[in-house]
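**Q** One structure is given below, represented as structure tokens, and several questions about it will come after.
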Amino acid sequence: MEFVYVVPREELFPHCTPHGLAPFGLSEDEGGFERETFEARALERGFFVERAYAERAPHLKQVIPYAIVCVGDDVLLVQRTKGGGEARLHHKLSIGIGGHVNPIDAEALPPAHLAAGGTADLFTAATARELEEELHVEGEFTARTVGLLNDDTNPVGAVHLGLVQVIQVRGTVSVREEDQLEGRLVSVEELKRLRAEGADFETWSALLVDALDALLPHTTVSLS
């Protein structure tokens, strides 16, 4: 039985619900969010529930760290094969590496981190775990948290919320489980070309490709 971290929708979006990328650093009136405001809400109101329940509860948002992995100016483009566990993602293209925040991520942190408002540490722990599970990274890497990603137009998106991060690798990166995942580094121009030609991207990744120019630098947190 898997438990995942959720936050009530009305606590995250008391005024309006965004669609697509809501960059951090902008006010809600400007179509964005303040990072500190999001983290405070997520920490104060978030909790773990059984995933099977959360998947049927659109009044809750499952927070998903969703990382764009870059080496130099190139972006890691991946495709789930039939060997992957999530059938809904088979053969779709993605520029996001990530997954649910699980209790193991909170257990890896000293209690003082959460008591002191360390939501970012919880999400950083989840991001580091997912990267370790999915990829081989040789070298140092850092993370920039750039915004929230939301899409309520389909049942899957309605119960999830992406916490978008840009991972900059100073070294090399490759997929770990090659029977489940294929990956290659491509330019931003190539991503936009594939998108324009109708390539089958995951919904979140399609939204991010369309918004790549809005991913501005933010505070960098070391994950190495």
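**Q** Using the Karplus equation 6.51 cos²θ - 1.76 cosθ + 1.60 (θ = phi - 60°), what ³J(HN,Hα) coupling, rounded to whole Hz, does each residue of the stretch 148-158 give in order, writing x for Gly and Pro?
**A** Each residue's phi maps through the Karplus curve to give 10, 10, 9, 8, 9, 7, 9, x, 5, x, 5 Hz.
**Q** Follow-up. Convert each backbone phi in the stretch 197-203 into a coupling constant with the Karplus relation 6.51 cos²θ - 1.76 cosθ + 1.60 (shift: θ = phi - 60°), then list the ³J(HN,Hα) values in order as whole Hz, x for Gly and Pro.
**A** For the stretch 197-203, the Karplus curve yields 8, x, 4, 7, 7, 3, 4 Hz.
**Q** I would also like to ask the following. Would you mind counting up the charge near Leu60? Only other residues with Cβ under 12 Å from its Cβ, with Lys and Arg at +1 and Asp and Glu at -1. Please report the intermediate quantities before stating the final value.
**A** Working: positive: Arg9, Arg45, Arg51, Arg56, Lys61; negative: Glu10, Glu11, Glu50, Glu55.
Its environment carries a net charge of +1.
**Q** Multiply the residue separation of Ser174 and Glu190 by 0.36 nm, subtract the distance between their alpha-carbon atoms, and state the gained length in nm to one decimal. Could you put the intermediate results ahead of the total?
**A** Details: separation 16, 0.36 × 16 = 5.76 nm, distance 1.87 nm.
Between Ser174 and Glu190, full extension yields an extra 3.9 nm.
**Q** Report, by chain and number, residues whose modeled amide H sits under 5 Å from the one on Lys92, excluding near sequence neighbours (fewer than 5 apart, same chain).
**A** Under 5 Å from the amide H of Lys92: Arg80.
**Q** If we count every other residue with Cβ under 11 angstrom of Leu185's Cβ, Lys/Arg +1 and Asp/Glu -1, where does the sum land? Intermediate results must be reported in sequence, preceding the final value.
**A** Numbers: positive: Arg184; negative: Asp73, Asp74, Glu190.
Summing Lys and Arg as +1 and Asp and Glu as -1 gives -2.
Every number in this text was worked out from the coordinates using simple rules, so none of it is lab data. Predicted model, so just to flag it, every value in this text is computed and none were measured. Because the Cβ atoms are built from the backbone with ideal geometry, glycine has one as well, and the counts that use them run over all protein chains shown.
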